[in-house]
Structure formats: C-alpha cells, structure tokens
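Peer 1: Here it is, the structure in full.
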Amino acid sequence: MSATLLRKRLFAVLMAIAFLFLAIFARFFIVQVIDGATLRSRAVEQWTREIPIIAERGEIVDCNGTVLAENDASYSVFARPNAIEDKLYTAQTLASVLSLDAEQLYARLTGKRVSEVTVARHITKDKTTLIESFDLPGVYYSRDNTRVYPYGEILSRVLGFTSTDGLGLTGLEKYYDKYLAGKDGEIAYPTDLVGAEIDGVAVYYPATDGLNVRLTIDYGIQALAESAVRKLYEEYSPVNAQVLVLDPDTFGILAMAEYPSYDLNDVPREDSEKLNALSRNNLVSDIYEPGSTFKIVTAAANIEEYLRGNPAAYSLQYRFSSSRTRTVDSTTIKCWSTHANGKHSNQTLAEALNNSCNPCFTDIAMALGTETFYDYLELFNFGKPTGIDFSGEAQGMLVTESAVRGCDLARIGFGQTVAVTALQLACAGAAAVNGGYYYQPRLVQEIYSSDGTIREELPAVLKNRTISEEASKILASLLEGVVANGSGSKAYIEGYRVGGKTGTAQKFENGAIAQGKYVSSFLGFFPANDPQYLALVIVDEPQGAYYGSVVSAPAAGDIFRGIIELKGIAPYET
C-alpha cells in the first residue's frame, strides 16, 4: 500500500473520530447546558412527590378593620395513580366519602400519562380525617383556602370574587390580586419510579401568605347605603338603585351600593349572563346623561368666571329672562315647568338652582362660550377616567370641542348631550364644594402584612384645582339653599347644614327620547360650610313617581341621618 493512500485512510479515520467526538460533545452540551434545567426539573418530578402548601389569601378590611373578605380552613385531596395499589377500591372509597361519581373518578385514576389527579377541592377537616382512616396508598391532602365574605351581599360589586383556585376574578379581588394572592409552597418527598414514597429527607418550601388590603370604605356607612338601595328598589321597582358616598376632602370612597345584588358566598357561576350583570360595578363602568345634577358644574363655572371679572358671566343678583323657552340653532329648549302664574319669573342664580330651571343654565353656557365652558369641563375631568383603583372604568362621553354646536353647548349646560359615570359626577360635585380641589378617587388606603407592618400606602393624590375657595363657598351656600328652600327639600335635616341638587333626566334609546323612562338622582353633601360627606343617589327607571326631588332626595336624607347617628355628629349652633 502506498504511503499516500495510507495517509489518506489515516486522515479519514481521524476525521471520523473527530466528528464522533464533536457529536458526543454537542450532545453532552445540549443535555447539560441547554436542556439541563428542564431535565433536572423533570427528574425531580419523577423522584419526588410534592404536597402543595397553599398560601393564605390576604384579608380585605374596611377603614376601621372590619373584615369584609377572609378565609375558611379547607383542604384539597390529590391522588397519584402510579402509587395506588387498588384503583377501583380507591375510587369507590373516595367517591363515597366525597359524594363523587365513582366511575368517572376511576376513569381519571386509570388515565394514561396522568401523574397526579386533583380529586376534590375545598373539603372539610372531618372528611380528610375519614379518608385517612382508610389508609389509601397514593392519596394525600393539603391545606386549601375557601374565600368567605362575612356580610354576603354587602359590597358584592366592589369586592368581587375569586375562582375555585383562589385567583381574583372580579372587583378588588382581581385588581389587588398580586398583593392578596401570596405564593404557594410545597413539601417534596422522595419516591421510587412508580411514585411510591420511600425513606429519605423531605424538603420544605414554605408558602408566603398574601398581604391584607385596607379599604377607604366605612362598613357602617356602607350598611346605610345598602339599606337605602334596597328600600328604593322595593318602593319604586326600578331597573336598579345606586348609592355612592365619598369623603370630599380626600375622595376616599366611603360606600358603594347597588341593588339588585347577589351573595358573594353563593356566586351564580352557572349563569354567566346573570353573573356578568350582577357583578358589574355600574357606578364606575356605566354612563348616563346626568340631567340637572350637572347644573352644579355650570353654576361653578359661572361663579368662578364672574369673580375673575369675565363680563360674560352673570352676577348673583342678575335676573334671568322669565321665558319658558330658549331657541338655539333652530332648536327649542323648554323648562320642565310651564311658568304659569309667575312661576320661575325673574330668577337669580340661586332661584334658578332652587327651581332647576333649564333655560337659565342654557343662558350661562351660551354666555361663557364653548372655549371657556370646555375649559371647566376639562378641569372637572369629564370625558376621561378618574383613575380610580378599579378595573373597567368608563371615561364618559363628551362631544369634542371642535365639533360641538351651539345647541349642543346649550344642552350640556343643564346636563344633556353629555354622558358621565356616577363616579365622575360625584367627584366633580365634591371638587365644586370642597374648595375646588380635585383628587384621584380611591378604594384602598394601604396594604399591610399579618403582623401589622404597612407595606404600601396609597395616600390622597391631588390632580388639579377646579375653582377658587371663594367660588366654592358661594356655590356650596347656594346649594344649601336648594335643600332649605328648593327642589332638594326632602333631604333637609333640622339642625344640620345640608346642600345638594336634584336631577330628573329623560332616558334616550336609539337616539330618541324613551317615553316614560327617567333617571332620578340627587347629589348632596354636609355640612354645607365644610363638606365631610357627599352622597350621590341614582334610581334608574323608577315606577310611579320619578322626580329626583321625590325619589332620590329622601334617600340621601336618610343616609345623612344615619351618618349623623353613627358618627355622633352634633347639630350646628345657630
């Protein structure tokens, strides 16, 4: 054999050896480096049996510490088919104890490629004790949590609920889930190839319990609001009744109530349409034409502009035209009153508020003009979300300034051709009478651990100023007159300074007025000289009486009386 041929063969052998070495090295690299973590994890799964340690979900409490959402100790039962000696007996025994279908459970235990089966969730300690007595190989249990709401229906649309796995699905349970949920742990026991436990050292990975959430909600005031909406629903059979109470100094939400409602401990999960309707927080997520309660904003803009020296604004002494109608862009706007026998004649701004006379507020909006009036709509944060810590907030509807017509502006002045959420209106009302300060509304004030350590504070956040202190005081005084002498008289409380404004808005459907359908409302506050509580009452399509002065104002008065008694507020000195 020639030397050249020998060298070629030797080179080929060396190349083959090199290729084989590289292939083996590449495979080792893939197994050890690229797929190492995954393969080690799979190996650990085969060599161990993990018993989960479920983290305890954090509590939700009101501002005074009253528990609104907590946990009941319960347990989950699991089975490892590979470690079960008699699957039929095990299935029949577990089915008998846990009221399950034995055939279905047996099918699950004999299924292919199933390393673990969740047999049941949220069972009592008594049942786990009974299961233990049968000494079933491959069957074990661990602590679980069953979410419990001590007050059932109260705050149902705000608190929300969790899934069977403890995941927040709606409301605050969802919004603050990352704080409430915690992190599960486990105990890992060594097992043989078929999953049977063997002697060895167990590894314990502790669970990290969830944090607690303290709300701005005051349970005592919430109970008053809940009582009010139930009473309204029983008396007027509306589509729904809603109440929102907030602190005008911080915009902390003190109460949010709606009826119809549902029990958070008995969530109708099988009827998704019903559940969606009952769990929706309409105060935050739905919009409507506010009607005359919006006149608070129009009056605020006029008073502020007058104090600034704007000649287009009306003084408090100015007498508006007594005509029942105004015509803008060939559109005739009418007052709800016929103006017969001198009614609504030569009214001042105070009297126009008392009588809720639409033409007077049309005059204000048209006199201020689109640019100026829209500046105030911007300051009062209409047409955009308030930023509340809650999912699904609507931003309302506001005709863009460039597209607004004269007739649109005229109607916006008294609360038509504009759509708001109840929360937007309540915040605007608060910012109009609290000195002109607009804060970001909030439902939660702090996050804290089980030992009481505060982990995160959510203080009041000032967004902007709306009007001056002087204008705000004047407006609050005028609105006090509405309750003392005008349409809000049914919210009057002897010895206490209550202010407010009624609203009776016609509903629109498919672009036209829906005959006989109204939204009755009242936005009130007290004490008028230093507002501490503000309440908005909305009744959608009340049957029989429908004026806000008759339907909603008395409910607000009842809530304020309840707060006075609850907080021990003394009457003012004359």
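Let's see how each residue does on (1) at pLDDT below 95; (2) closer than 30 Å to Gly182 by Cα; (3) not assigned by TED's automatic domain parsing to the domain that holds Glu378:
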| position | (1), (2), (3) |
| --- | --- |
| Gly435 | no, no, no |
| Ser450 | yes, yes, no |
| Lys463 | no, no, no |
| Ile474 | no, no, no |
| Ala514 | yes, no, no |
| Ser521 | no, no, no |
| Pro527 | no, no, no |
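Peer 1: Could I ask something else about it? Taking the conditions exactly as written (at negative phi and buried (at least 23 other Cβ atoms within 10 Å of the Cβ)), does Ile564 satisfy them or not?
Peer 2: no
Peer 1: Kindly indicate which of Ala505, Ala484 is aliphatic (A, V, I, L, M) and either crowded, with 18+ Cβ neighbours inside 10 Å or in contact with a strand residue (DSSP E or B) (Cβ under 7 Å, 6 or more places away or on another chain) (or both).
Peer 2: Ala505
Peer 1: I've got another one for you. So for the range 350-358 (the condition being within 28 Å of Leu215 (Cβ to Cβ) and surrounded by fewer than 22 Cβ atoms within 10 Å (Cβ to Cβ)), does at least one residue qualify?
Peer 2: No, the range 350-358 has no match at all.
Peer 1: Restrict the check to the range 442-456 and report whether at least one residue is in contact (Cβ under 8 Å) with a residue 40 or more places away in the chain, surrounded by fewer than 18 Cβ atoms within 10 Å (Cβ to Cβ) and among the hydrophobic types (A, V, I, L, M, F, W, C).
Peer 2: No: zero hits.
Peer 1: Just for helices (runs of 4 or more DSSP H) wholly inside the range 276-391: which have at least 3 residues that are of a type in the set (A, V, I, L, M, F, W, C) and assigned by TED's automatic domain parsing to the domain that holds Gly435?
Peer 2: 295-307, 349-355, 358-379
Peer 1: In addition: I'm trying to understand the selection: among the residues of the range 285-315, which are within 20 Å of Lys507 (Cβ to Cβ) and either of a type in the set (A, V, I, L, M, F, W, C) or within 25 Å of the chain's Cα centre (by Cα) (or both)?
Peer 2: Within the range 285-315, Ser285, Asp286, Ile287, Tyr288, Glu289, Pro290, Gly291, Thr293, Phe294 meet the criteria.
Peer 1: Given the residues Ala340, Ala365, Ala301, Ala352, which is the only one that is aliphatic (A, V, I, L, M) and without any contact (Cβ under 8 Å) to a residue 24 or more places away in the chain?
Peer 2: Checking each option against the conditions leaves just Ala340.
Peer 1: Of the residues that make up the range 457-478, is at least one within 26 Å of Ile303 (Cα to Cα) and in contact with a Pro (Cβ under 8 Å, 6 or more places away or on another chain)?
Peer 2: yes
Peer 1: I've got another one for you. Give me the residue from the range 501-512 that is over 17 Å from Ala545 (Cβ atoms) and hydrophobic (A, V, I, L, M, F, W, C) and, out of that set, modelled with the lowest pLDDT.
Peer 2: Ala512
Peer 1: So, Arg57, is that one at pLDDT below 75, basic (Lys, Arg) and either within 42 Å of the chain's Cα centre (by Cα) or assigned by TED's automatic domain parsing to the domain that holds Tyr204 (or both) or not?
Peer 2: It is false that Arg57 is at pLDDT below 75, basic (Lys, Arg) and either within 42 Å of the chain's Cα centre (by Cα) or assigned by TED's automatic domain parsing to the domain that holds Tyr204 (or both).
Peer 1: Would you please list the contacts, defined by Cβ atoms under 7 Å and residues six or more apart or on different chains, that run from a residue in the range 126-147 that is in a loop (DSSP other than H, G, I, E, B) to a residue that is crowded, with 17+ Cβ neighbours inside 10 Å and polar (S, T, N, Q)?
Peer 2: What qualifies is Phe134/Thr93; Leu136/Thr90; Leu136/Thr93.
Peer 1: Is it the case that Arg269 is in a loop (DSSP other than H, G, I, E, B) and either basic (Lys, Arg) or buried (at least 23 other Cβ atoms within 10 Å of the Cβ) (or both)?
Peer 2: The answer is yes for Arg269.
Peer 1: Can you find even one residue in the range 406-421 that is over 30 Å from Val328 (Cβ atoms) and surrounded by 14 or more Cβ atoms within 10 Å (Cβ to Cβ)?
Peer 2: No, the range 406-421 has no match at all.
Peer 1: Now for a different question. How do the pairs read when you match residues in the range 110-121 that are among the basic types (Lys, Arg) with residues anywhere that are assigned to a loop (DSSP other than H, G, I, E, B), using Cβ under 6 Å and keeping only pairs 6 or more apart or on different chains?
Peer 2: Arg121/Thr164
Peer 1: All but one of (1) part of a helix (DSSP H, G or I); (2) in contact (Cβ under 8 Å) with a residue 60 or more places away in the chain; (3) surrounded by fewer than 24 Cβ atoms within 10 Å (Cβ to Cβ); (4) not polar (S, T, N, Q) hold for Ala228; state the number of the condition that does not hold.
Peer 2: Only one criterion in (1) part of a helix (DSSP H, G or I); (2) in contact (Cβ under 8 Å) with a residue 60 or more places away in the chain; (3) surrounded by fewer than 24 Cβ atoms within 10 Å (Cβ to Cβ); (4) not polar (S, T, N, Q) is unmet by Ala228, namely (3).
Peer 1: Kindly list the number of the only condition in (1) assigned to a loop (DSSP other than H, G, I, E, B); (2) closer than 21 Å to Leu130 by Cα that fails for Ser115.
Peer 2: Answer for Ser115: the failing condition is (2).
Peer 1: Related question: Starting from residues that are aromatic (Phe, Trp, Tyr) and more than 14 Å from Gln416 (Cα to Cα), keep the ones in the range 510-527 and report whichever is farthest from the chain's Cα centre (by Cα).
Peer 2: Per the criteria, the residue is Phe526.
Peer 1: Turning to a different aspect of this structure: Considering only residues that are surrounded by fewer than 22 Cβ atoms within 10 Å (Cβ to Cβ) and polar (S, T, N, Q), look in the range 150-186 and name the one that is modelled with the highest pLDDT.
Peer 2: Of everything passing the filter in the range 150-186, Ser163 is modelled with the highest pLDDT.
Peer 1: In the range 105-127, what residues are loosely packed, with under 11 Cβ neighbours inside 10 Å and over 14 Å from Ile84 (Cβ atoms)?
Peer 2: Hits for the range 105-127 are Lys112, Arg113, Asp126.
Peer 1: Select, from Arg147, Arg113, the only residue that is modelled with pLDDT under 85 and among the basic types (Lys, Arg).
Peer 2: Arg113
Peer 1: What number of residues in the range 116-144 are among the acidic types (Asp, Glu) and at pLDDT 85 or above?
Peer 2: Count: 3.
Peer 1: Next up: If you take the residues in the range 187-209 that are among the charged types (D, E, K, R) and crowded, with 16+ Cβ neighbours inside 10 Å, which one is modelled with the highest pLDDT?
Peer 2: Asp209
The values are calculated or read from the model by the stated rules, or taken from the named source; none is laboratory data. For clarity, every value in this text was computed on a predicted model and none was experimentally measured. For neighbour counting, all protein chains shown are included, and Cβ atoms are generated from backbone atoms with ideal geometry for every residue, glycine included.
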